[in-house]
Amino acid sequence: MRRAALVVLTATICSTAGQALSADVSFVMRNEHPNAVEVELYSQDRKHVWPGGNQVYYLDDGESKQIHLSCQQGENICYGAWVSGDKQTYWGTGPNNKEACEDCCYVCSGGETEEINLVE
């Protein structure tokens, strides 16, 4: 009986050891540009995009939004935002995570970001 319990415990530990711990983070974004903007969030540690599925988060001019993500603990996530219909005007990593940025990435560790203001 003790040996069977040890085998089950060992199997459980081994099966969860390979899984990444999950966490949640909220990106707090405010659009202070006179036009609507589109936003995507990009993992820098794996091939994952939020919201995914060829969708974007949409913020009207003057709108604030909290974007809640389930992510892997310690994962580095960057935002890319651009004027709707004008991918040449962007913030962060821009459309498709193609640009370098400073101060546009956050570590998934729970909680929320400070308010990210998208301004002209």
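The values are calculated or read from the model by the stated rules, or taken from the named source; none is laboratory data. Fair warning: this is a prediction, and the values are worked out from it, not measured in the lab. Counting neighbours? That spans all protein chains shown, and the Cβs are built from the backbone with ideal geometry, glycine included. Only protein heavy atoms, including side chains, enter the accessible area calculation; ligands, DNA and RNA are left aside. Shrake-Rupley method; radii C 1.70, N 1.55, O 1.52, S 1.80 Å.
The residue that is surrounded by the most Cβ atoms within 10 Å (Cβ to Cβ), counting only those in the range 90-120 that are in contact with a Ser or Thr (Cβ under 7 Å, 6 or more places away or on another chain) and of a type in the set (A, V, I, L, M, F, W, C), is C104. The set of residues from the range 58-75 being of a type outside the set (G, A, S), part of a strand (DSSP E or B) and open to solvent by 50 Å² or more (accessible area, probe 1.4 Å) comprises Y58, K65, Q66, H68, Q72. At pLDDT 95 or above and either open to solvent by 60 Å² or more (accessible area, probe 1.4 Å) or within 18 Å of E115 (Cα to Cα) (or both), is that true of L21? In short, no. Please specify each residue of the range 24-57 satisfying the condition of being under 10 Å from the mean Cα position of the chain (by Cα) and open to solvent by less than 70 Å² (accessible area, probe 1.4 Å). Selection gives V25, S26, F27, E40, L41, Y42, S43, H48, V49, W50, P51. Please name all residue pairs, on different chains or six or more residues apart, with Cβ atoms under 6 Å, provided the first residue is in the range 41-54 and is at pLDDT 95 or above and the second residue is of a type in the set (A, V, I, L, M) and surrounded by 10 or more Cβ atoms within 10 Å (Cβ to Cβ). Here the result reads L41/I77; Y42/V49; S43/I77; W50/L41; W50/L69, each pair linking the range 41-54 to a residue that is of a type in the set (A, V, I, L, M) and surrounded by 10 or more Cβ atoms within 10 Å (Cβ to Cβ).
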